[in-house]
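This report concerns only the one structure given below.
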Amino acid sequence: MYLGAALTDILFWTYGKGSNEFLLLWLNIHWFLYHFFSVPQMLGSLFSPLKRLKDGRSRGFDPQKAVESLILNLVMRITGFLVRITLLLAALAAEIGAALIGAVFFALFLLWPLHIQLKWQK
């Protein structure tokens, strides 16, 4: 009788509170990855120069200085864009990896009582 009660408790916990806790943990991992890679800030500053590096303007107009400033600012914006896109792709890969690994472990978590039951029947 004690074994049956323990088995039902395990089943109720696994498919009730245990599943809920697992899914909350999974959501916390996604929340962490989203904020670790600063996704909103990266998207908001996608076309900003890298580390806010840009050439300041001086008084007066010098065509050579204007072209140099334009090229430097353009290179810094392109570099910032490439760095941020790389980090956003890394964030996407981490999110997809966490989703796939979480789905596999959740399936294993849901199937482990069946595995235990099959072992006991042998």
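Rule-based calculations on the coordinates, nothing more; no lab input. No experiment lies behind these values; they were computed from the predicted model shown. Ideal geometry is used to build each Cβ from the backbone, glycine not excepted, and the neighbour counts take in all protein chains shown.
Quick notes
- √(5λ) per eigenvalue of the Cα gyration tensor, region 65-122, largest first, Å: 55, 5, 4
- Semi-axes of the equivalent ellipsoid for the chain, computed as √(5λ) from the eigenvalues of its C-alpha gyration tensor and ordered from largest down, come to 58, 12, 6 Å.
- Region 1-43: equivalent-ellipsoid semi-axes (sqrt of 5 x gyration tensor eigenvalues, Cα, Å): 39, 6, 4
- Estimated [θ] at 222 nm from DSSP helical runs (n ≥ 4, -39500 (n - 2.57)) normalised by residues in the chain, nearest 500: -27500 deg cm²/dmol
- A simple spin-label model places the labels of residue 2 and residue 22 2.8 nm from each other, with each point 7 Å out along Cα-to-Cβ.
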